[in-house]
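Chemist: One structure, pasted below without further comment.
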Amino acid sequence: TLKAAAKTRPALVLGTTGLDKAQAKAVADYAAKAPCIHSSNYSIGVNLLWKIAADVARVTGTAYDIEILDLHHRMKKDSPSGTAVTTAEVLAKALGKPLDEVAIYGRHTREGSRPDGEIGVHSLRAGDVIGDHTIFFAGPFERLELTHRAHSRENFASGAVRGAKWLLQNKKKPGLYTMAQVLGL
């Protein structure tokens, strides 16, 4: 997409996940020349979930254990999903920690008790589920669960269209933008 857009430099709305460092740099380099929104999920609800979850993580800190569960259809290629990875990144940032220091992906053959501040990420692939994401904040004497369930893929498309309209209607300058900015979060 970036190669095709290089000649005319249109505003772009990108949703590709799983980028390596060189690919992420290519997106940033493009955004230095043209307006670009890049998000792992264009759902309005998921973007609100990230905002709320970051607020919860800042308040609860490491006093509450954080676990993320992503459930998708059996044909999904990546695990964890880009949305689950972004969720973990948002939570780690809210805790002031680098993701690679606090993330644990699954617990198979893991021995010992759970360390404070760890963010667990777990993936399920079954049936025809479009995409469900739940964040568990488990503390002493209570548990808070934040869940987003996609009922139709149209919600991702409508969010991407909203982002494109935002770029064009606001005549955005070159730069790398987020859906949080589109939504005023």
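The values are calculated or read from the model by the stated rules, or taken from the named source; none is laboratory data. Nothing here was measured: the structure is a model prediction, and the numbers come from that model. Heads up, the Cβs are rebuilt from the backbone with ideal geometry, glycines too, and the neighbour counts pull from every protein chain shown. Protein only, heavy atoms only, side chains kept; ligands, DNA and RNA dropped before computing areas. Shrake-Rupley method; radii C 1.70, N 1.55, O 1.52, S 1.80 Å.
Chemist: Could you please report the charge total around Ala103, scoring K, R as +1 and D, E as -1 over all other residues with beta-carbon less than 10 angstrom from its beta-carbon?
Modeler: The answer is -3.
Chemist: Ala26: net charge of surrounding residues, Cβ under 13 Å, Lys/Arg +1, Asp/Glu -1, itself excluded?
Modeler: Neighbour charge sum, excluding Ala26 itself: +2.
Chemist: Keeping every protein chain in place, order Arg74, Arg153 by accessible area at 1.4 Å, biggest value first, i.e. largest first.
Modeler: Most to least solvent-accessible, the answer reads Arg74, Arg153.
Chemist: Here is a further query. At 1.4 Å probe size, with the rest of the protein present, what percent of the exposed accessible area of the chain is carbon and sulfur atoms?
Modeler: 55 percent
Chemist: While we're here: Which entries in Lys7/Lys97; Lys25/Lys172; Lys3/Lys97; Lys93/Lys165; Lys77/Lys173; Lys76/Lys172 show an alpha-carbon gap greater than 32 Å?
Modeler: Listed pairs above 32 Å: Lys7/Lys97; Lys3/Lys97; Lys77/Lys173; Lys76/Lys172.
Chemist: If you don't mind, another one. Suppose R0 equals 22 Å. What FRET efficiency, 1/(1 + (r/R0)^6) with r the Cβ-Cβ distance, do Asp29 and Lys172 give to the nearest 0.05?
Modeler: Calculated value: 0.80.
Chemist: What number, rounded to the nearest 500 deg cm²/dmol, is the helix-based mean residue ellipticity at 222 nm of the chain, given -39500 (n - 2.57) per DSSP H run of at least four residues and division by all its residues?
Modeler: Only helices count here, giving -11000 deg cm²/dmol.
Chemist: Which FRET efficiency, nearest 0.05, do Thr1 and Phe141 yield, Cβ-Cβ r, R0 35 Å?
Modeler: 0.10
Chemist: To continue, here is another question. Heads up, I need the accessible area for Phe156: 1.4 angstrom probe, whole protein in place, Å², nearest 10.
Modeler: 60 Å²
Chemist: Run the numbers for Val59 and Ala126: contour at 0.36 nm per residue of separation, minus the present Cα-Cα distance, in nm.
Modeler: Working it through step by step, the gained length comes to 20.8 nm.
Chemist: Averaged per residue, what accessible area in Å² does region 58-162 show with a 1.4 Å probe, protein chains only?
Modeler: 60 Å²
Chemist: Follow-up question, since we're still on this one. Take the chain, connect every pair of alpha-carbon atoms lying under 10 Å apart with a spring to form a Gaussian network, then pick out the residue of Glu118, Glu67, Glu101 with the largest mean-square fluctuation.
Modeler: Glu101
Chemist: Let me ask something else about it. Ile104 accessible area, nearest 10 Å², 1.4 Å probe?
Modeler: Only protein atoms counted, so the area is about 40 Å².
Chemist: Please find, in a Gaussian network model of the chain (springs between Cα atoms separated by less than 10 Å), the residue of Ala94, Ala28, Ala164 whose mean-square fluctuation is greatest.
Modeler: Ala28
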